[in-house]
Amino acid sequence: MRRTGTIRARRVAVAGAAVVALGTAGAARATTAPPDASEPAASAAASDCILTEPLRIGYAADFSDFGGFADQPGSEAAGVQVDLLNEAGGVGGLPVEYIVKELPEDPSGAQRAAQEMLDDGVNAIIAPPFAYNGVPLIDTVDGQVPIISNASTDLQLAQPDRGAFLMSFSDPVQAAAAAEFAVGEGATTAVTFSSPDDPYFTNTTAAFAESFGEQGGEVLRDFTFGIADEDFSSQVNELASMDPLPEVLYTAMIMPGAGALLEQIRAAGLDDLQVIGADSFDATVVWSAGEVAEGVSFTAHTFPSDDNGVQAFLDAAADAGVEIETVSFGALASDAVKVFAHAAETACSVEGTALIETIASIADLEVTTGTVTYAGTNGVPEKDVAILTISDGAPALTTALRPAFIPGS
């Protein structure tokens with residue numbers, strides 16, 4: 001599917017793995033307007049760039065039950081942002097072209113899809129959130145064009161030497177932010193709930209424990225669970241018998257399990273226990289658990305505020321008839337499109353190497369969620385972590401921070 005020109009209000013729909021060809025592959029030639037003879041020679045400003053071939057952005061989307069929470073709103077939001085750019089004149093004087101490529105559910109299909117996108121002339125790719133198909137995609141592209149993983153917090157997908165970047169913070173960053181927030185609220189003791197079923201559920205809790213300890217706190221115990229579990233009575237009974245009781249519980253658990261855990265915590269009378277979650281609480285809508293979620297906090301990628309352009313973007317999408325179902329992952333996709341557009345105009349090229357080098361040097365670029373920096377970050381952008389707290393049945397922004405200590409950095 002290709003999008004250019006004015007905003008078209010429609011939900012992304014891709015039949016199978018079909019993709020519309022965008023033209024021949026290969027590097028675009030670019031020229032710049034001649035400088036004013038009265039001015040010293042300088043590199044071309046973004047407004048001086050004239051491209052001879054358009055920036056072509058592809059979204060390798062995982063619409064399965066596993067990745068759809070991110071790539072459904074992300075693919076729609078990226079299309080809205082492309083249309084907004086084109087209404088403002090495009091990039092390098094040409095409309096940006098945009099396609100969505102649905103990834104097959106088998107990981108090997110990501111390799112085929114990636115090669116098809118390259119063959120069709122895509123010169124920048126927004127990638128899915130998980131490593132099971134993100135890594136094969138990176139292996140296939142292998143630095144030919146830049147890749148930005150829209151919603152991933154997995155460090156495996158940040159490989160700037162191969163042109164692969166994250167659009168979000170990493171798991172160590174969000175866990176460190178949660179720990180810093182907990183300490184700032186006066187907590188000195190905590191427990192964690194982790195699962196061996198996926199590294200996400202253990203990487204986050206390990207980073208939280210290290211960061212919490214670095215700031216003088218103590219994680220008293222880690223409780224384990226299975227990601228398909230919906231009964232945590234055994235763990236909660238043991239938790240309730242601890243003396244002294246911990247002040248904080250941190251986990252990256254997903255719904256509906258997280259809702260069941262909250263119900264059992266409240267039923268055990270542990271009302272003073274502060275529950276803090278990872279971005280999984282946002283992705284799987286923990287507030288849908290109802291009253292038991294009141295007061296729960298979690299790390300999120302963004303939230304509308306006076307310091308960012310999230311609400312303005314959501315309003316623009318609504319005006320186009322597009323409802324972005326998950327704010328964080330829609331706004332991150334808007335960011336990714338803006339990063340690619342900035343790179344193309346700054347380098348005045350859509351050639352893969354030029355785009356990758358330019359992205360790697362970005363510092364304090366204004367995007368929808370705030371500002372983003374890649375320079376010196378090894379592919380994981382420096383961005384604020386939003387801390388949201390459930391109040392009256394909905395998330396509200398409590399604070400936003402960049403943690404002072406990050407495990408492994």
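The three principal axes of the C-alpha atoms in the range 339-407 carry coordinate ranges of 49, 27, 15 Å, sorted with the longest axis first. Under the convention that each Lys and Arg Cβ holds +1 and each Asp and Glu Cβ holds -1, the size of the dipole of the chain around its Cα centre is about 1140 debye. Over the chain, DSSP H runs of length four or greater, each weighted -39,500 (n - 2.57), average out per residue to a 222 nm ellipticity of -10500 deg cm²/dmol.
Each 10 Å bin from zero holds the following percent of Cα-Cα pairs in the chain: 5, 23, 31, 22, 12, 5, 1, 0. Near GLU345: Cβ cut-off under 15 Å, other residues only, Lys/Arg at +1 and Asp/Glu at -1. The net charge is -3. Averaging Cα coordinates gives a centre for the range 350-384 and one for the range 61-122; these two points are 19 Å apart.
Hydrodynamic analysis of the range 66-131 uses the Kirkwood radius over alpha carbon pairs. Inserted into Stokes-Einstein at 37 °C and 0.692 mPa s, it gives a translational diffusion coefficient of 248 µm²/s. In the range 38-177, Rg over Rh equals 1.03, where Rg is the alpha-carbon radius of gyration and Rh the Kirkwood radius from pairwise Cα distances. The smallest convex shape that holds all Cα atoms of the range 100-146, its convex hull, gives 66 Å³ per residue. A simple packing score, the average count of other Cβ atoms within 10 Å per residue, orders the peptides 118-125, 337-344 as 337-344, 118-125, with the highest score first.
Computed from the Cβ-Cβ distance with R0 of 41 Å, the FRET efficiency linking SER234 to SER108 stands at 0.55.
Computed over the chain, relative contact order equals 19 percent, with contacts defined as Cα pairs under 8 Å that lie 6+ residues apart. Considering the range 303-362, its Cα convex hull presents a mean projected area of 5.0 nm². Computed from Cα positions, the angle between helix 257-267 and the longest principal axis of the chain comes to roughly 30 degrees.
Along the axis of the charge dipole computed for the range 275-409 (Cβ charges of +1 for Lys and Arg, -1 for Asp and Glu, origin at the Cα centre), the listed residues VAL310, ALA396, VAL372 are led at the positive end by VAL372. Ordering ARG266, ARG56 by the number of other Cβ atoms within 10 Å of each residue's own Cβ, fewest first, gives ARG266, ARG56. Karplus-derived 3J(HN,Hα) values for the range 225-238, using 6.51 cos²θ - 1.76 cosθ + 1.60 with θ = phi - 60°, are 8, x, 5, 8, 5, 9, 10, 10, 4, 4, 5, 5, 4, 5 Hz; glycine and proline are entered as x. Projected onto their three principal axes, the Cα atoms of the range 161-315 cover extents of 47, 34, 32 Å, largest first. Roughly how tilted is helix 171-184, in degrees to the nearest 10 and between 0 and 90, from the longest Cα axis of the chain? Rounded to the nearest ten degrees, it is 50. Treating each Cα of the range 236-318 as an identical point scatterer and summing with the Debye formula, the log10 of I(q)/I(0) at q = 0.10, 0.11, 0.21, 0.25 Å⁻¹ comes to -0.31, -0.37, -0.96, -1.19.
Given in Å, the Rg to one decimal and the Dmax to the nearest whole number for the Cα atoms of the range 190-280 are 12.2, 34.
Taking the square roots of 5 times each eigenvalue of the Cα gyration tensor of the range 145-224, largest first, gives ellipsoid semi-axes of 28, 14, 8 Å.
With distances taken between every two different alpha-carbon atoms, the range 108-172 has a Kirkwood hydrodynamic radius of 11.4 Å.
Computed from the C-alpha gyration tensor, the three semi-axes of the ellipsoid equivalent to the range 142-188 are 31, 8, 6 Å, from longest to shortest. From the Kirkwood radius over Cα pairs of the range 277-409, Stokes-Einstein at 10 °C and 1.306 mPa s returns a whole-number translational diffusion coefficient of 98 µm²/s.
Laboratory data are not the source of any read-out in this text; all were calculated from the coordinates shown. This structure is a prediction, so every number in the text was calculated from the model and none was measured. Virtual Cβ from ideal backbone geometry, glycine too; neighbours counted across all protein chains shown.
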